[in-house]
Amino acid sequence: MVVAPTGQRSRITGTGALVWMVLAEPGTVSQIGERIEESWPHLGAASEFPVVDAVRTLSGTGLVHLR
């Protein structure tokens with residue numbers, strides 16, 4: 001559970017949670033995927049579509065901003 005700057009609470013699960021945990025600094029989709037793979041190698045390769053979808057979802061809640 002996280003709170004967006006607007007005060008809205010959001011529950012993050014699945015790939016969204018993994019993306020959120022590796023966003024200590026901005027990155028491209030590829031960089032985010034690499035961070036997930038490095039942090040949780042037992043999960044295998046991080047596919048681009050789920051990462052993009054998770055970033056869009058996080059953006060929609062106001063938790064991250066796309067550039």
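A short reminder: the numbers here are calculations on the coordinates, not readings from a lab. Given the structure is predicted, the values throughout are model-derived calculations rather than measurements. Quick reminder, even Gly has a Cβ in these numbers, built from the backbone with ideal geometry, and neighbours come from all protein chains shown.
Among T15, L63, V51, whose Cα sits farthest toward the positive end of the charge dipole of the chain (+1 at Cβ of Lys/Arg, -1 at Cβ of Asp/Glu, about the Cα centre)?
L63
With the contact rule set at Cα under 8 Å and sequence spacing of 6 or more, what percent relative contact order holds for the chain?
35
Fully extended, how many nm does the chain gain between S59 and V2 (0.36 nm per residue separation, minus their Cα-Cα distance)?
19.2 nm is the gain from fully extending S59 to V2.
When the helices in the chain are scored as -39500 (n - 2.57) per DSSP H run of 4 or longer and the sum is shared across all residues, what 222 nm value do you end up with, to the nearest 500 deg cm²/dmol?
Value at 222 nm, helices only: -14500 deg cm²/dmol.
To the nearest 10 degrees, how steep is helix 48-60 against the longest Cα principal axis of the chain, on a 0 to 90 scale?
10
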